[in-house]
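Trainee: Below is one structure. I have some questions about it.
The values are calculated or read from the model by the stated rules, or taken from the named source; none is laboratory data. What you are looking at is a predicted structure, and each value in this text was computed from that prediction instead of being measured. Note that each Cβ is placed from the backbone with ideal geometry, even for glycine, and that neighbours are counted across all protein chains shown. Ligands, DNA and RNA are stripped out before the accessible areas are found, and what is left, the full protein with its side chains, is counted by its heavy atoms. Shrake-Rupley method; radii C 1.70, N 1.55, O 1.52, S 1.80 Å.
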Amino acid sequence: MKDEKKPEPNSIYPIAGYDKEIYVKPTITNPNIIVGDFTYIADSEFENRVSYLYEWNDDKLIIGKFCQITAGVKFVMNGANHQMNAVSTFPFYTLEG
């Protein structure tokens, strides 16, 4: 590589001084989101783009190594599914009690 620099997968910013692109893996706090080294997003945040990922249903979002994720993407997880064969499609089962 040029000047013997090697990419560091545990750094948040792959390009020094540029905060509009991040490596995703070092920013993850949810154990149900698994992301490989060097996967990056053209944004300054990732985890808020994953919706309906509830602890109680054991879903996992798994993204491999060397993936590029575009700005504005949304990941809609299985928890967003609604029962379609009832009087209402409201997900009452997500409420306690």
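Trainee: Could you list the trypsin sites (Lys or Arg not before Pro) in segment 1-83 that lie in coil according to DSSP, counting only those with at most 16 other Cβ atoms within 10 Å of their Cβ?
Mentor: Filter output for segment 1-83: 5, 20, 60, 65, 74.
Trainee: Report the longest stretch of the chain that contains none of the GluC sites (Glu not before Pro) sitting in a DSSP loop with at most 14 other Cβ atoms within 10 Å.
Mentor: 46-95
Trainee: Would you mind listing how long segment 4-97 runs along its three principal axes, going by Cα atoms, in whole Å with the largest first?
Mentor: 63, 22, 20
Trainee: Calculate the FRET efficiency for residue 96 and residue 11 from the Cβ-Cβ distance with a Förster distance of 41 Å, rounded to the nearest 0.05.
Mentor: 0.50
Trainee: How much accessible area per residue does the chain have, counting only protein heavy atoms and a probe of 1.4 Å, in square angstrom?
Mentor: Roughly 73 Å² per residue, with all protein chains present.
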